[in-house]
Amino acid sequence: MKNENVKYRNMTISLKVAADEKIMLRRLAEKHKVSLSEFMYNLVMCFKNQYDYIGMLTPREEKLAENLRKEKNKNSKLTAEIENADFRVEMEMDRAAKAINAKDEFAYQLKEQKAINADQLEELNRLKGINLMLEKSNNKFRRTSSDNKLMNMAAGAFGLFTGFTLKR
């Protein structure tokens, strides 16, 4: 009994290619260790049901292209978010730098005012010393003046008393 399901390949199909294309196809066949005829046969048989998609994307490729488009959209959104975050960080850093500069300026002004206050305190203490000395001198003059007044009054009283006693 003969096997009727065995198929013999004894028909020829040919195609025209350029010389450099033939060299490329022959190298590919040698790389896979098959004859050029076997290599071409396998290519044709592998892609025979995909002829409808020549020049178009296969459903799988369309799905991959859709996924790629979605990923690109996600990437562009993330890029925009990163740019916004960078801008916010830069704004916050500028604000913090301004706050630190303002704080430093206030600290400098405070130190200046403190130095002025210390100078004024020294001047005030010096003036207090002068004032105390003047007050002592003034009190001394007052006492002297009071003593002079008392002496003058005593001399006047003594003169009056003497004048009255002499008149009598």
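Read the figures in this text as sums done on the coordinates, not as results from a lab. Since we're looking at a predicted model, the values are computed, not measured. Glycine gets a Cβ as well: all are built from the backbone with ideal geometry, and neighbour counts include every protein chain shown.
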With the condition kept exactly as written, say whether any residue in segment 57-66 is of a type in the set (A, V, I, L, M), part of a helix (DSSP H, G or I) and surrounded by 10 or more Cβ atoms within 10 Å (Cβ to Cβ).
yes
Test Ile13 against the criterion of being in a helix (DSSP H, G or I) and without any contact (Cβ under 8 Å) to a residue 60 or more places away in the chain, and give yes or no.
no
Count, please, the residues in segment 119-168 that happen to be outside any helix (DSSP H, G or I) and of a type in the set (Gly, Ala, Ser).
0
Hey, Asn49 surrounded by 10 or more Cβ atoms within 10 Å (Cβ to Cβ) and outside any loop (DSSP other than H, G, I, E, B) or not:
no
